[in-house]
Amino acid sequence: MMNSLLRELREKLGEHVAPVATESSAEACFQIAPGDIPSAVEYMRDRYQARVATVFAEDRTPAEGVFYNYYVFEQAGNPGYLILRAAIPAGEPRFPSIAAQLPAVNWQEREIQDWFGLEATGHPNPRRVALHDNWPDVHPLRKEFALDQALAPFAGEQHVYRPTLGEGVFQIPVGPVHAGIIEPGHFNFAVAGEPILYLQLRMFYTHKGTEKLFESLPIPRAVFLAESISGDSAFSHGTAFCQAIERAAHIEPPARAEAMRVVLLELERLYNHIADIGAIANDVGFAIANAHAGRVREMAVGLNEALTGSRLLRGMVCVGGVREDWSGAQLARLGGALDEVEREFGEMVALVKSSDSTRDRLEKTGILRPEKAEALGVVGVGGRASGVDRDVRRDHPYAAYALFPFRVPVYREGDVWHRVQVRIDEAGESFGIVRRAAAGLPGGPHCAPHQPIPADRCALSAVEGWRGEIVHWVRTGRGNRLERCKVKDPSINNWPALVEAVEGNIIADFPVINKSFNLSYSGTDR
Amino acid sequence: MFKILQKTLSTGIATNPYPQTAALVSEQFRGRPAFDFPAWQDARPAAEACPTGAIAVRDSGLTREVAIDYGLCVFCGECARVSYAGGVRMTREFELATRSREGLRITAQYELYADGTHKQLISTDEAGAVTAVTAEMLGREVERTVRQALGRSLAIREVDAGSCNGCELEIVALNNPVHDIERFGIHFVASPRHADMLLVTGPVTRNMEMALRKTYDATPHPKVVVAVGACGISGGIFGSSYASIGAVDRVIPVDVYIPGCPPRPEALLHGILLAVYRLARA
Ligand code: SF4
């Protein structure tokens with residue numbers, strides 16, 4: 001397959017297309033020229049229906065005199081990933097944008113502009129995204145930029161929103177500090193009376209320099225940073241990171257660790273889905289359902305704590321497996337608590353479904369059409385409620401998922417109710433997966449011992465977090481550290497979907513539509 | 001409607017009466033790491049393993065100062081795991097909130113052998129290691145105090161100044177029926193203008209600094225500020241960098257610090273009750 005693809009790409013783009021060695025057989029990498037990017041992406045899409053999972057850059061100027069842009073593709077029915085790498089000379093810091101054809105990469109290309117100072121030529125909206133407009137002209141992910149470089153103090157807001165014109169049309173700015181207990185971001189609504197004409201988003205208020213910080217920490221400590229990318233996905237991001245390191249260094253976690261990771265990844269999905277279903281019901285006034293959800297979620301996070309020492313599953317995953325093994329007593333607790341959570345969850349769902357007024361408010365609200373979802377490259381819960389039949393667990397199996405087949409719920413209605421329904425179905429599957437994985441937990445060690453991680457190895461890893469596809473890519477460095485760690489949270493794919501879904505809805509429904517996607521600001525902003 | 005009633009009645013009371021009774025903390029919960037200074041033979045492995053620098057070792061000749069900062073601790077358990085010969089163990093203690101940043105720091109001085117292991121303990125300064133006020137003590141009086149100080153209620157405005165959202169999840173949990181913070185007359189409000197308390201998570205990012213200042217200025221006097229979690233107290237694993245200012249108290253004055261990563265809801269409640277006392281005296 002890969003040889004034939006190389007031949008095809010050479011026919012299409014020229015003989016300069018060259019294979020790049022990878023550490024894992026699940027990844028193929030080819031080097032192309034920057035000018036090839038649009039036609040290569042188009043070819044992969046038309047010929048293979050391949051989707052761009054993420055686009056990112058790397059500064060290799062000190063070592064190789066170039067920047068690299070990476071385009072990561074995945075394709076239905078193929079568990080591997082294809083990476084196209086374009087070498088961008090330091091003296092010509094630009095690359096052709098593909099955002100006009102592929103809105104899914106709009107923000108990611110602009111991140112490259114902001115963080116690396118590489119211009120995405122032809123980008124439909126080349127304004128800053130990751131560094132706010134008031135930032136000085138710096139490119140923090142360049143190697144010459146120091147993590148703790150002092151910048152001139154913040155000089156006030158300078159962002160200009162698209163003006164709202166027309167009689168009776170208003171602009172409603174909201175945030176970054178919101179009314180509820182949620183993360184900061186800015187929403188600028190253009191409304192005509194109650195209906196929303198369009199929504200402009202501004203994120204990156206919680207930009208913490210995470211990808212830069214990864215380049216300074218020893219790998220064992222960096223695991224804790226990965227857990228802090230998005231607090232509700234600590235285990236998923238931690239696992240995605242550890243898997244990338246394991247693949248780079250050819251470390252094989254033992255079977256027991258792989259099954260334990262599956263249990264914990266599914267428990268993460270469960271506690272979040274439970275809380276979200278309650279919160280969505282709450283946003284349309286069904287407070288009692290939310291009270292039950294809060295109670296059931298407490299049971300679930302109590303179980304998390306009994307299994308990992310942390311209610312939010314922190315401090316458990318590590319390179320090579322998991323930090324602590326489970327005793328018989330812990331496994332017994334898992335079985336009992338899971339039954340209880342499942343029973344209570346079932347009653348809570350029945351309660352939500354029995355409320356006609358709740359369903360009435362959620363059905364046909366915040367519709368994201370399947371064509372749009374596909375075009376925008378929407379992932380995870382938001383995608384599956386709009387016909388996007390993708391799930392990393394099934395399509396690119398990792399940990400022990402291949403051993404536990406499960407059903408991936410897909411709907412085409414694309415409204416808030418079906419984003420609830422996807423969560424209900426997925427939680428149902430999760431109970432089954434956890435039970436099977438725990439019942440058949442293999443014996444043996446829970447962690448593979450390993451040497452310090454060798455330098456200059458690259459690897460990709462993807463995890464289906466409860467919200468959707470998480471991707472980590474690493475290049476290891478000397479001294480058990482990293483040269484680069486790219487983090488792609490599913491939220492970055494899905495914000496444009498929110499913008500699409502709210503159009504034409506009344507502004508009072510914005511909170512529930514937003515909650516039905518429940519994207520991570522911190523995961524977006526890093 | 002009948003179904004809702006039936007479910008409500010069959011569920012009964014879900015609220016955990018903490019602080020009137022002990023919190024329901026599992027065996028495995030990782031709370032405060034405790035240091036047995038006389039028995040600790042070498043602080044270096046723990047300092048090396050600690051992801052946030054909460055344990056720092058400074059040697060000069062044959063003496064060593066070990067500085068421990070619970071304000072940086074993310075309660076990962078690595079220090080205990082790598083201290084094979086003992087000296088560090090994880091406890092289940094979570095009532096760690098203090099009224100001063102200093103109260104979260106302890107230091108120990110050692111005389112060393114040539115190989116860098118501890119020969120003997122010279123001195124310790126643990127003034128702040130134990131919170132003087134437990135929530136149990138506060139709990140009995142808190143209702144009366146809140147009523148006296150604030151006319152029956154305390155209004156909190158939560159500000160996420162850059163967190164990973166972990167702290168927010170646990171703050172939201174304060175409102176669920178299990179933790180039910182409203183039973184103390186404490187509730188979360190939508191605007192700083194209605195708030196008596198700001199509950200701030202961090203690290204404060206460069207992009208949130210201005211918003212945090214404005215929120216503080218919009219909050220009427222008297223007000224208290226509570227910094228939540230390792231990142232809010234110290235910047236945590238993010239520290240300070242081009243994008244992160246770090247500790248909340250580098251931007252606005254802080255009255256109470258609640259360690260944790262994130263602090264469990266009972267730890268938040270303990271810290272909030274502590275802050276109410278502070279406000280009552282103001
Ligand atoms: S438990 Fe706290 S002090 Fe110990 S290693 Fe972890 S962060 Fe450091």
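Among residues belonging to segment A:305-331 that are on the phi > 0 side of the Ramachandran plot and part of a loop (DSSP other than H, G, I, E, B), point out the one that is farthest from the other protein chains (Cβ to nearest Cβ).
A:320
Considering (1) within 27 Å of residue A:518 (Cβ to Cβ); (2) at the interface with chain B (Cβ under 10 Å from one of its Cβ atoms); (3) open to solvent by 10 Å² or more (accessible area, probe 1.4 Å), say which one residue A:183 fails and leave the rest.
(3) is the only condition that residue A:183 fails.
Six or more apart or on different chains, Cβ atoms under 9 Å: show the pairs whose first residue is in segment A:1-24 and exposed (fewer than 13 other Cβ atoms within 10 Å of the Cβ) and whose second is part of a helix (DSSP H, G or I).
Here the result reads A:14/A:36; A:16/A:10; A:16/A:36, each pair linking segment A:1-24 to a residue that is part of a helix (DSSP H, G or I).
I'm told residue B:183 meets every condition in (1) under 17 Å from the mean Cα position of the chain (by Cα); (2) modelled with pLDDT under 95 except one. Can you identify the failing condition by its number?
(1)
Of the residues in segment B:26-44, how many are out of contact with any Pro (no Cβ under 9 Å at 6 or more places or on another chain), within 16 Å of the ligand (Cβ to nearest atom) and open to solvent by less than 50 Å² (accessible area, probe 1.4 Å)?
Qualifying residue count for the region: 10.
Among the listed residues A:407, A:369, A:343, which satisfies the condition of being of a type in the set (Lys, Arg) and within 21 Å of residue A:511 (Cα to Cα)?
A:369
If you check residue A:204 against the conditions, is it outside any helix (DSSP H, G or I) and either more than 22 Å from residue A:272 (Cβ to Cβ) or at pLDDT 85 or above (or both)?
Taking the combined requirement at face value, the residue satisfies it.
Sort out which residues of segment B:183-202 are open to solvent by less than 20 Å² (accessible area, probe 1.4 Å), more than 12 Å from chain A (Cβ to nearest Cβ) and out of contact with any Asp or Glu (no Cβ under 8 Å at 6 or more places or on another chain), and write them in order of number.
B:186, B:197 - these are the residues of segment B:183-202 that are open to solvent by less than 20 Å² (accessible area, probe 1.4 Å), more than 12 Å from chain A (Cβ to nearest Cβ) and out of contact with any Asp or Glu (no Cβ under 8 Å at 6 or more places or on another chain).
Restricting the search to segment B:48-68, which residues are surrounded by fewer than 20 Cβ atoms within 10 Å (Cβ to Cβ) and either out of contact with any strand residue (DSSP E or B) (no Cβ under 8 Å at 6 or more places or on another chain) or in a loop (DSSP other than H, G, I, E, B) (or both)?
B:48, B:49, B:53, B:60, B:61, B:62
Looking at the structure I just gave you, is residue B:15 within 12 Å of the ligand (Cβ to nearest atom) and either open to solvent by 30 Å² or more (accessible area, probe 1.4 Å) or hydroxyl-bearing (Ser, Thr, Tyr) (or both)?
no
Hand me the list of strands (runs of 3 or more DSSP E) wholly inside segment B:69-131 holding 2 or more residues that are without any contact (Cβ under 8 Å) to a residue 60 or more places away in the chain and away from the ligand (no atom under 11 Å from the Cβ).
Those strands (runs of 3 or more DSSP E) span B:105-112, B:118-125.
Restricting the first residue to segment B:37-56 and requiring it to be not assigned by TED's automatic domain parsing to the domain that holds residue B:75, which pairs with a second residue that is open to solvent by 40 Å² or more (accessible area, probe 1.4 Å) and away from the ligand (no atom under 13 Å from the Cβ) meet a Cβ separation below 6 Å and a spacing of at least six or different chains?
No pair meets every condition.
Would you pick out the residues in segment B:217-245 that are touching a strand residue (DSSP E or B) at 6+ places or on another chain (Cβ under 8 Å), more than 9 Å from chain A (Cβ to nearest Cβ) and either part of a loop (DSSP other than H, G, I, E, B) or under 17 Å from residue A:183 (Cα atoms) (or both)?
B:219, B:223, B:227, B:228, B:229, B:232, B:235
Can you name the residue in segment B:262-278 that is open to solvent by 10 Å² or more (accessible area, probe 1.4 Å) and part of a helix (DSSP H, G or I) and is also modelled with the highest pLDDT among such residues?
Taking the candidates together, the pick is B:277.
Only residues that are within 7 Å of the ligand (Cβ to nearest atom) and over 23 Å from residue A:305 (Cα atoms): list them for segment B:47-67, please.
Listed by number, the list holds a single entry, B:55.
Within segment B:219-261, take every residue that is polar (S, T, N, Q) and open to solvent by 10 Å² or more (accessible area, probe 1.4 Å) and give me the one that is nearest to residue B:191 (Cα to Cα).
The residue in question is B:234.
Against the definition (more than 16 Å from residue A:434 (Cβ to Cβ), in contact (Cβ under 8 Å) with a residue 24 or more places away in the chain, part of a helix (DSSP H, G or I) and open to solvent by 10 Å² or more (accessible area, probe 1.4 Å)), how does residue A:288 come out, yes or no?
Yes: the conditions hold for residue A:288.
Can we say residue B:87 is open to solvent by 20 Å² or more (accessible area, probe 1.4 Å), over 20 Å from the mean Cα position of the chain (by Cα) and small (Gly, Ala, Ser)?
Spelling it out, it is not the case that residue B:87 is open to solvent by 20 Å² or more (accessible area, probe 1.4 Å), over 20 Å from the mean Cα position of the chain (by Cα) and small (Gly, Ala, Ser).
For residue A:235, work out the one condition from (1) more than 16 Å from the ligand (Cβ to nearest atom); (2) in a helix (DSSP H, G or I); (3) surrounded by fewer than 24 Cβ atoms within 10 Å (Cβ to Cβ) it doesn't fulfil.
(3)
Within segment A:30-44, track down each residue that is open to solvent by 40 Å² or more (accessible area, probe 1.4 Å) and under 24 Å from the mean Cα position of the chain (by Cα).
Listed by number, the list holds a single entry, A:42.
Mind listing whichever residues of segment A:342-364 are in contact with an Asp or Glu (Cβ under 9 Å, 6 or more places away or on another chain) and open to solvent by 10 Å² or more (accessible area, probe 1.4 Å)?
A:361, A:363, A:364
The values are calculated or read from the model by the stated rules, or taken from the named source; none is laboratory data. These figures come from a predicted structure and were not determined experimentally. Please note: Cβ atoms are built from the backbone with ideal geometry, for glycine as well, and neighbour counts cover all protein chains shown. Heads up: the accessible areas ignore ligands, DNA and RNA and are worked out on the full protein's heavy atoms, side chains in. Shrake-Rupley method; radii C 1.70, N 1.55, O 1.52, S 1.80 Å.
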